[in-house]
Amino acid sequence: MREARGKNRAGAHLQDFGSAVVDEAARLDSELLDLDWTVHPEGSVTSVVDAPSGPLAMVSLGDPAHRWVLLVPGVTGSKEDFALMMPGLAAAGYYVQSYDIAGQYESTAAGPERLVTPRGRYDYELFVDDMVAILERAPGPAHVLGYSFAGTVAQLAMVRRPELFASLTLLSCPPQPGQGFRGVKRIGWFSGLATGRIGAALMIWGLRRNFTRVPPGRLAFVKHRLGITRVAAVEDIIRLMKRAPDCRQQLEASTIPKLVAVGEHDLWPLALHSTFATEIGAKLAVYRTGHSPCETSPHQLNRDLIELYSRSA
């Protein structure tokens, strides 16, 4: 059963995307089981990429001769967040890669002190330079998905180097520039008062306490990952998210296919994501889940990504 086509109250088009479709992908997502998230998809290859900020841990799957897809996790995340998506995208004929951003999980050695001109903190330039360096390795424009904080980084990278992008997907990305936490449900009013250190401590505490109610296998991996991730990197990213750049005009002017993909119960209200999608000329995909559709709705997200990629030149 599909929702009627047209515009929602915020103006974004809802056309055969996300939870508007109940199909085989939705059925497969409804049957997902808990798993060992430390085990990479069968056939994948792990490697270390030398980026401007240092060594970045990467996992790849598929034929490198195919069109490249880059899936980038956010703060406290890692490449394993896309373990359920990578096989489907590779089977559809794409070469899929993901890497831990600097300071996170197995890229914990990468940081501002490793730059040619060392700096004291993680900043947007560091993350953008790393992403651009990885995209420059591709034989042509790549399909890029930025998850949460990495969505903001992907916007900046696209504005700087648009020729590297075949499409742009923003998954659960902060939908407002400036103090990006101000619109978060329930705690938005308080977020402006919290420092980066307090914000990071609250985030890590909430993940360890499992307020999002992830299954045991996932929780064990989350706790393992947090034990490795550099706390200073998390603190710096929280500070960065409180002064997010405004790329809406440049994104709207871009002619590449764009998608804003979110869960119905994301940290930010759906109305904000919908407005953001309209402002940048993107399609909107909404899934019956929370902040992590890559974990909980991977088949539906893949379905929509493959459709998006089909519209790329």
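No value in this document is a laboratory result; all are computed from the given coordinates. Computed from a prediction, not measured in an experiment: that's the story for all the values here. Glycine also receives a Cβ, built like all others from the backbone with ideal geometry; neighbour counts cover every protein chain displayed.
Note on the chain: with charges restricted to the Cβ of Lys and Arg (+1) and Asp and Glu (-1), its dipole about the Cα centre is near 1040 debye. Length available on full extension from Arg160 to Glu264: 0.36 nm per residue minus the Cα-Cα distance, which gives 34.3 nm. For the chain, the number of Lys pairs with C-alpha atoms closer than 26 Å, counting only pairs eight or more positions apart or on separate chains, is 15. Please work out the C-alpha center-to-center distance from segment 138-167 to segment 233-291 and express it in whole Å. Here the answer is 14 Å between Cα centres. In a simple Cβ point-charge model (Lys, Arg +1; Asp, Glu -1; nothing else charged), segment 268-313 has a dipole of about 100 debye relative to its Cα centre.
Between Val231 and Arg182, the C-beta separation translates, for a Förster distance of 30 Å, into a calculated FRET efficiency of about 0.80. Net length available on complete extension from Glu125 to Arg243 is 41.1 nm, with 0.36 nm assigned per residue and the Cα-Cα distance removed. Here segment 83-141 has an Rg and Dmax of 14.3, 42 Å, counting Cα atoms alone. A protection proxy built from the mean count of other Cβ atoms within 10 Å ranks the segments 59-71, 243-255, most packed first, as 59-71, 243-255. Between Asp50 and Thr38, the simple spin-label model (points 7 angstrom out along Cα→Cβ) gives 3.0 nm.
Take the Cα radius of gyration of the chain and divide it by 2.2 N^0.38 Å, with N its residue count; two decimals is plenty.
For the chain, the normalised Cα radius of gyration is 0.92.
Rg of the Cα atoms in segment 212-310, relative to 2.2 N^0.38 Å, amounts to 1.27.
Highest mean packing comes first when the peptides 220-226, 171-177 are listed by Cβ atoms within 10 Å, giving 171-177, 220-226. Placing unit charges on the Cβ atoms of the charged side chains and taking the dipole of the chain about its Cα centre, the candidate lying farthest along the positive direction among Asn210, His224, Ala157 is Asn210.
Taken about its Cα centre, segment 21-91 carries a charge dipole of roughly 300 debye when the Cβ of each Lys and Arg holds +1 and the Cβ of each Asp and Glu holds -1. Here the spin labels are modelled as points 7 Å beyond Cα on the Cα-Cβ line, and at Ser30 and Arg213 they lie 1.8 nm apart.
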